[in-house]
Amino acid sequence: MASRYWVVSLPVQQNSSTTSLWSRLQESISRHSFDTPLYRFNIPNLRVGTLDSLLALSDDLVKSNTFIEGVCSKTRRQIEELERVSGVLSTSLTVDGVPVDSYLTRFAWDEAKYPTMSPLKEIVDGIHSQVAKIEDDLKVRVSEYSNVRSQLNAINRKQTGSLAVRDLSNLVKPEDVVTSEHLTTLLAVVSKYSQKDWLSSYETLTTYVVPRSSKMLYEDNEYALYTVTLFNRDAENFKIKARERGFQIRDFEHNPETQESRKQELEKLMQDQETFRSSLLQWCYTSYGEVFSSWMHFCAVRIFAESILRYGLPPSFLSVVLAPSTKSEKKVRSILESLCDSSNSNFWKAEDEGGMAGFGGDTEAHPYVSFTINLV
């Protein structure tokens with residue numbers, strides 16, 4: 001599948017026809033650039049309106065195209081991210097079951113959705129509104145999914161982070177903690193490089209510490225977790241003295257009900273994340289098809305409007321889609337130019353001499369209408 005296509009319209013000269021021009025183009029491409037795929041881009045007879053309305057519309061076409069293409073790309077990137085996270089094999093994106101490249105190269109106007117008798121501005125505004133709504137929905141759905149992921153990541157950090165911040169409930173057993181009317185057990189987080197200091201000093205930090213009561217429960221790359229048992233009345237004073245020596249006392253209460261509640265919360269968030277991810281991925285598949293279809297109809301309006309402004313009335317032009325390789329681009333441009341009126345070619349090439357290069361705000365200045373569609 002090609003990833004970059006040109007949408008081009010060529011003027012049909014007097015005493016010629018679109019059929020004749022199509023045959024000449026096919027023959028030239030076949031002879032001089034046979035590896036360039038070439039397709040008709042079938043545009044219906046749209047409602048022209050007035051010249052003023054076409055000029056006003058042309059000012060918005062490039063800007064609207066950037067917006068629609070941006071939403072298309074954003075949705076595609078979201079699909080790629082979700083597929084990667086889910087471990088799903090990347091699938092070919094489609095429009096109503098048709099691969100996007102085939103949808104473009106075999107484009108057929110949807111008369112039911114976009115009546116050809118509607119004013120061009122009405123069609124463009126309708127496409128813009130539809131795509132804007134999809135973008136808004138995408139933002140909301142991604143926000144919901146990201147919120148669940150953030151909650152889950154926060155819990156996972158507590159489960160797997162350093163001892164300074166992680167949840168200690170799965171590291172401390174009931175038998176590690178002494179809780180009575182007079183005694184309590186505190187949990188100290190000690191730097192790995194300060195363990196000797198802790199073991200030599202904890203008994204003398206305050207008066208009422210139970211001798212030889214400290215036991216290491218767990219160790220990670222940075223810290224070690226120790227218990228220390230002392231009299232209840234001395235607990236607050238011990239915390240102050242420990243902090244002064246650089247030891248962190250973690251608040252902890254062994255509560256089986258709390259542990260079970262956290263476990264259930266984690267399981268629910270994991271289920272919610274999977275549900276949101278699956279739902280968002282399916283929605284993105286569908287919405288990408290809708291946005292891409294809207295974009296192709298927009299491109300049809302764009303090529304029609306710019307061709308009228310370029311070549312005049314009545315509409316007489318051939319619209320095509322090509323996918324030249326990088327090395328063939330110059331040759332294909334030369335072929336397309338050769339099929340245009342020579343005086344028209346010189347007029348459009350004379351950028352430095354006040355010619356019409358860059359008409360309509362487009363960066364592709366040629367003696368024919370041309371713009372690029374990037375599928376990736």
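The values are calculated or read from the model by the stated rules, or taken from the named source; none is laboratory data. These numbers come from a predicted model, not from an experiment. Note that each Cβ is placed from the backbone with ideal geometry, even for glycine, and that neighbours are counted across all protein chains shown. SASA here: full protein model, heavy atoms, side chains in, ligands and nucleic acids out. Shrake-Rupley method; radii C 1.70, N 1.55, O 1.52, S 1.80 Å.
Rundown of residues vs (1) in the same structural domain as residue 334 (by the TED database); (2) open to solvent by 70 Å² or more (accessible area, probe 1.4 Å); (3) of a type in the set (Gly, Ala, Ser); (4) out of contact with any Cys (no Cβ under 9 Å at 6 or more places or on another chain), yes/no style:
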position	(1), (2), (3), (4)
24	yes, yes, no, yes
31	yes, yes, no, yes
38	yes, no, no, yes
42	yes, yes, no, yes
59	yes, yes, no, yes
64	yes, no, yes, yes
85	yes, no, no, yes
- Got at least one residue in region 76-94 being at pLDDT 90 or above, of a type outside the set (Ser, Thr, Tyr) and part of a loop (DSSP other than H, G, I, E, B)? yes
- Message: One residue is enough: does region 143-152 have a residue meeting the conditions part of a loop (DSSP other than H, G, I, E, B), open to solvent by 30 Å² or more (accessible area, probe 1.4 Å) and at pLDDT below 95?
- Response: no
- Residues within region 1-49 that are of a type in the set (A, V, I, L, M, F, W, C) and in a loop (DSSP other than H, G, I, E, B), tallied: 8
- Using the structure shown, decide if residue 75 is in contact with a Cys (Cβ under 6 Å, 6 or more places away or on another chain) and surrounded by 12 or more Cβ atoms within 10 Å (Cβ to Cβ). yes
- From the residues in region 171-196 that are in a helix (DSSP H, G or I) and touching a strand residue (DSSP E or B) at 6+ places or on another chain (Cβ under 8 Å), which one is nearest to residue 234 (Cα to Cα)? 176
- Please go through region 49-89 and pick out each residue that is more than 19 Å from residue 142 (Cβ to Cβ) and polar (S, T, N, Q). 50, 53, 58, 64, 65, 66
- Residues being surrounded by fewer than 12 Cβ atoms within 10 Å (Cβ to Cβ) and polar (S, T, N, Q): count how many of those fall in region 170-189. 1
- Note on the structure: Subset of region 304-342, residues closer than 26 Å to residue 375 by Cβ, among the charged types (D, E, K, R) and either in contact (Cβ under 8 Å) with a residue 24 or more places away in the chain or not assigned by the TED database to the domain that holds residue 366 (or both), comes to 306, 310, 331, 333, 337
- Query: Do any residues in region 42-56 that are in contact (Cβ under 8 Å) with a residue 24 or more places away in the chain have Cβ atoms under 8 Å from those of residues that are open to solvent by 40 Å² or more (accessible area, probe 1.4 Å) and basic (Lys, Arg), where the two are at least six apart or on different chains, and which pairs are they?
  - Reply: 49/121; 53/121; 56/121
- Message: Could you tell me how many of the residues in region 85-136 are among the hydroxyl-bearing types (Ser, Thr, Tyr) and more than 22 Å from residue 58 (Cα to Cα)?
- Response: 8
- Note on the structure: Residue pairs qualifying under the 9 Å Cβ cut-off, at least six apart or on distinct chains, with the first in region 276-290 being hydrophobic (A, V, I, L, M, F, W, C) and the second being surrounded by fewer than 19 Cβ atoms within 10 Å (Cβ to Cβ) and not in a helix (DSSP H, G or I), are 281/88
